[in-house]
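Undergrad: Below are the structure tokens for one structure; questions will follow.
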Amino acid sequence: MAKFAYIYDFGDYWYHKILVEKILPLEPDKHYPICLKGKRACPPEDCGGIWGYYAFLKAIQDPDNPEYDHMLEWVGGSFDPEAFDLDEINRELRKVR
């Protein structure tokens, strides 16, 4: 198994640790890269790193929070932190060349 880490967005400092569990043989009819599985939604872009994301989640879960309306408007009206759409992820990955 291989491990590596990377930082996404140096301002918000999203630090990721990646563990490669297995490398599968290439299939000629597939477009790569491809996501095989995952869980949970990505935090909104520029939400302020992990602490900003926690504050965002807290705000959108409490209609009495003064930031509730603003935060939901900012993300387009709704946000489900548990959502994960494998087909959507792979559509986006097909755009990568």
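Undergrad: How large are Rg and Dmax for the range 14-97 when calculated on the C-alpha trace, in angstrom?
TA: 16.6, 53
Undergrad: Okay, moving on. Which pairs, out of K3/K37; K3/K30; K17/K58; K17/K37; K17/K39, put more than 23 Å between their alpha-carbon atoms? If you can, show how the numbers build up before the last one.
TA: Numbers: K3/K37 18 Å; K3/K30 25 Å; K17/K58 25 Å; K17/K37 16 Å; K17/K39 16 Å.
In this structure, K3/K30; K17/K58 exceed 23 Å between Cα atoms.
Undergrad: Now for a different question. What order do you get for 13-23, 66-76 when each peptide is scored by the mean count of other beta carbon atoms within 10 Å, highest first?
TA: Working: 13-23: 9.0, 66-76: 12.8.
Per-residue mean Cβ counts within 10 Å order the peptides as 66-76, 13-23.
Undergrad: The range 7-56: D in µm²/s via Stokes-Einstein (Kirkwood Rh, Cα pairs, 37 °C, 0.692 mPa s)? Let's see the in-between values first.
TA: Values: Rh = 13.7 Å.
This corresponds to a translational diffusion coefficient of 239 µm²/s.
Each value in this text was obtained by applying a stated rule to the coordinates, not by laboratory testing. If you're wondering where the values come from, they're calculated on a predicted model, not measured in any experiment. When we count neighbours, we look across all protein chains shown, and the Cβ atoms used for this are built from the backbone with ideal geometry, even at glycine.
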